[in-house]
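Notes to accompany the following structure.
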Amino acid sequence: MTRKTPEAAPAHAPTADDEGLPRLRRALGDRVLARMKDEIPGLSAHFGEDYENSEDPEARIYRSSGASFRWLAFAFSPWRMWDLHVGVVVADGRRLSIGFHTSERAGEVLLEDLQRLGDSVGAPVRHQKAAIEYQANLPLFDVDAVPLETLVEAIARLCREYAPVAAKVRCPAGMGDRAA
């Protein structure tokens with residue numbers, strides 16, 4: 001489902017049922033995938049709610065940390081989503097954090113690239129203990145002040161920059177999106 005929002009309108013108008021901004025995150029997923037489908041084969045969108053009750057080891061650990069599953073992750077084949085993605089996270093109700101994310105376990109092979117990409121967009125790499133990953137996030141986006149297209153373009157830009165890393169760095173055992 002794609003949202004139709006005028007270019008100059010805020011990304012998301014408040015409603016009673018927008019805890020975690022699920023409709024906005026779905027619209028972002030749809031629009032970014034539609035925009036990038038020919039440019040980045042193997043790009044996929046993953047919504048936190050779909051993993052909330054998952055038995056994936058990462059989901060169980062994430063759940064035990066008390067972290068929120070109100071996020072959207074753009075993964076790049078051949079990597080598993082948990083290990084390398086562009087993350088879109090609801091930061092404090094009406095603001096989104098958007099950035100490059102890599103799991104702690106993939107840090108050994110990806111941290112240098114994450115640092116380089118973070119530096120290129122002025123986003124320092126930080127360890128996020130609750131998320132069990134390293135992140136290089138852009139400044140927060142206020143969804144009531146930013147047009148939807150601005151969010152789509154920010155995410156698409158990061159996807160364009162992360163895709164070559166996903167393609168060139170060999171996935172260590174267990175981090176690929178396909179069974180070996």
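Selection of the range 56-68 for residues being more than 15 Å from MET81 (Cβ to Cβ), open to solvent by 60 Å² or more (accessible area, probe 1.4 Å) and not basic (Lys, Arg) yields SER64, GLY66, SER68. Scanning the range 147-159 for residues that are crowded, with 16+ Cβ neighbours inside 10 Å and part of a loop (DSSP other than H, G, I, E, B) turns up nothing.
Checked against the criterion of being in contact with a Gly (Cβ under 9 Å, 6 or more places away or on another chain) and modelled with pLDDT under 95, the candidates PHE76, PHE69 yield just one match: PHE69. Taking the criterion of being surrounded by fewer than 13 Cβ atoms within 10 Å (Cβ to Cβ) and either in a loop (DSSP other than H, G, I, E, B) or modelled with pLDDT under 95 (or both), the residues of the range 34-55 that qualify are LYS37, ASP38, GLU39, PRO41, ASN53, GLU55. Restricting VAL109, VAL86, VAL169, VAL121 to residues that are buried (at least 19 other Cβ atoms within 10 Å of the Cβ) and of a type in the set (Val, Ile, Thr) narrows the list to VAL86.
Within the range 109-132, how many residues are free of Cβ contacts under 8 Å to residues at least 40 places away in the same chain and either over 14 Å from VAL165 (Cβ atoms) or part of a strand (DSSP E or B) (or both)? Selection size over the range 109-132: 7.
The values are calculated or read from the model by the stated rules, or taken from the named source; none is laboratory data. Source: prediction; values computed, not measured. Counting neighbours? That spans all protein chains shown, and the Cβs are built from the backbone with ideal geometry, glycine included. SASA here: full protein model, heavy atoms, side chains in, ligands and nucleic acids out. Shrake-Rupley method; radii C 1.70, N 1.55, O 1.52, S 1.80 Å.
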